[in-house]
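Working notes, structure below.
The values are calculated or read from the model by the stated rules, or taken from the named source; none is laboratory data. Given the structure is predicted, the values throughout are model-derived calculations rather than measurements. Methodologically, a virtual Cβ is constructed for each residue, glycine included, from the backbone with ideal geometry; neighbour enumeration extends over all protein chains shown. Protein only, heavy atoms only, side chains kept; ligands, DNA and RNA dropped before computing areas. Shrake-Rupley method; radii C 1.70, N 1.55, O 1.52, S 1.80 Å.
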Amino acid sequence: MTGHERGSVPGAADAPAALVVRRAPRTPRAAVLFLHGGKEVSRAPSRPWHPAAVRMRPFVRAVAAVLPDDDVLLGEVRYRLRGWNGGDADALRDVQRALAELARLTGDVPVVLVGHSMGGRAALRAAAAPEVRAVLALAPWCPDGEPVAHLRDKDVVVLHGDRDRVTDPRESVSLVRRAQEAGARAETVIVPGGDHAMLRRSGHWHRTAASTVAALLPDGRTAS
């Protein structure tokens, strides 16, 4: 896959583009955006060579492999900062900028968000946008009190390793339960032996994520 970066959202000329396109079909029917993890608090710049960003590249490749017809745009969200940073919710703001940039490129297409850790939290929050039809959250950071009402009528799948010592799989289960009560089509899938970095059983993580994304796309494809 070759990556090329697109322009910034109007009015954000002082910030780099938030959307990095990894595969750009001529006429996409949908888009999948990948959101890497970060830190609870950090004002340090986020860089593409940081481990959290590199960790998501195999997921991009895995999804591309099960969607060989090349009619789904694949992109990564580039954060300005490494941290969520309390009420600033910087990662969420960057996802929202990326969605705006995507709309400029493709018009109104359905979007699936795939986020890990802090990126999972950002993906779940960004699902308030009408174009976001589904979220795949990988070992997400789900603090108590995360909003779920906006997930009504959305598809949400959470994968979480039972050996995660960074984010708590029990919090994922709780969030999914509350999302179901709010009207989301939500489920939790526990990965036996899975850790937070998704290094243990990495092939299982990649294959499961790819097949899940294929199923979440608008025509409900299954991975071949």
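Can we say R133 is in a strand (DSSP E or B), open to solvent by 20 Å² or more (accessible area, probe 1.4 Å) and touching a Pro at 6+ places or on another chain (Cβ under 7 Å)? Can you show your working first?
On the way: in a strand (DSSP E or B): yes; open to solvent by 20 Å² or more (accessible area, probe 1.4 Å): yes; touching a Pro at 6+ places or on another chain (Cβ under 7 Å): yes.
Spelling it out, R133 is indeed in a strand (DSSP E or B), open to solvent by 20 Å² or more (accessible area, probe 1.4 Å) and touching a Pro at 6+ places or on another chain (Cβ under 7 Å).
Suppose the filter is surrounded by fewer than 20 Cβ atoms within 10 Å (Cβ to Cβ) and at pLDDT below 95; does A223 pass it?
Working: surrounded by fewer than 20 Cβ atoms within 10 Å (Cβ to Cβ): yes; at pLDDT below 95: yes.
Yes: the conditions hold for A223.
Picking from P25, P48, which residue would you name as being at pLDDT below 95, assigned to a loop (DSSP other than H, G, I, E, B) and open to solvent by less than 50 Å² (accessible area, probe 1.4 Å)?
Working: P48 fails: open to solvent by less than 50 Å² (accessible area, probe 1.4 Å).
Residue meeting the stated conditions: P25.
Please verify whether V32 is over 25 Å from H196 (Cβ atoms), assigned to a strand (DSSP E or B) and within 16 Å of the chain's Cα centre (by Cα), treating the condition exactly as stated. First the steps, then the outcome.
Working: over 25 Å from H196 (Cβ atoms): no; assigned to a strand (DSSP E or B): yes; within 16 Å of the chain's Cα centre (by Cα): yes.
No.
Checking the conditions here, which among A122, A98, A91 is out of contact with any Lys or Arg (no Cβ under 8 Å at 6 or more places or on another chain), closer than 23 Å to A15 by Cα and not in a strand (DSSP E or B)?
Values: A98 fails: out of contact with any Lys or Arg (no Cβ under 8 Å at 6 or more places or on another chain); A91 fails: out of contact with any Lys or Arg (no Cβ under 8 Å at 6 or more places or on another chain).
Answer to the check: A122.
If you check every pair at least six apart or on different chains, which have Cβ atoms under 6 Å apart with a residue in region 108-122 that is over 15 Å from V166 (Cα atoms) first and a residue that is assigned to a strand (DSSP E or B) and not aliphatic (A, V, I, L, M) second?
Filtered contacts from region 108-122: P110/R133; V114/F34; A122/G115.
Of all residues being among the small types (G, A, S) and crowded, with 23+ Cβ neighbours inside 10 Å in region 136-155, which is farthest from E181 (Cα to Cα)? Just the residue, please.
In the first step, residues of region 136-155 are kept if they are among the small types (G, A, S); the result is 137, 139, 145, 149.
Filter once more, so that each one left must be crowded, with 23+ Cβ neighbours inside 10 Å: 137, 139.
Numbers: A137: 18, A139: 21 Å.
My answer is A139.
On the given criteria, is V112 touching a helix residue (DSSP H, G or I) at 6+ places or on another chain (Cβ under 7 Å), assigned to a helix (DSSP H, G or I) and of a type in the set (A, V, I, L, M, F, W, C)? Please lay out each step first, then the result.
Working: touching a helix residue (DSSP H, G or I) at 6+ places or on another chain (Cβ under 7 Å): yes; assigned to a helix (DSSP H, G or I): no; of a type in the set (A, V, I, L, M, F, W, C): yes.
For V112, the condition - touching a helix residue (DSSP H, G or I) at 6+ places or on another chain (Cβ under 7 Å), assigned to a helix (DSSP H, G or I) and of a type in the set (A, V, I, L, M, F, W, C) - is not met.
Restricting to region 167-194, what's the tally of residues that are assigned to a helix (DSSP H, G or I) and open to solvent by less than 80 Å² (accessible area, probe 1.4 Å)?
The total comes to 9.
Going by the structure shown, is A197 part of a helix (DSSP H, G or I), small (G, A, S) and under 21 Å from R55 (Cβ atoms)? I'd like the intermediate steps shown before the answer.
Numbers: part of a helix (DSSP H, G or I): no; small (G, A, S): yes; under 21 Å from R55 (Cβ atoms): yes.
Here the answer is no, as A197 does not meet what is asked.
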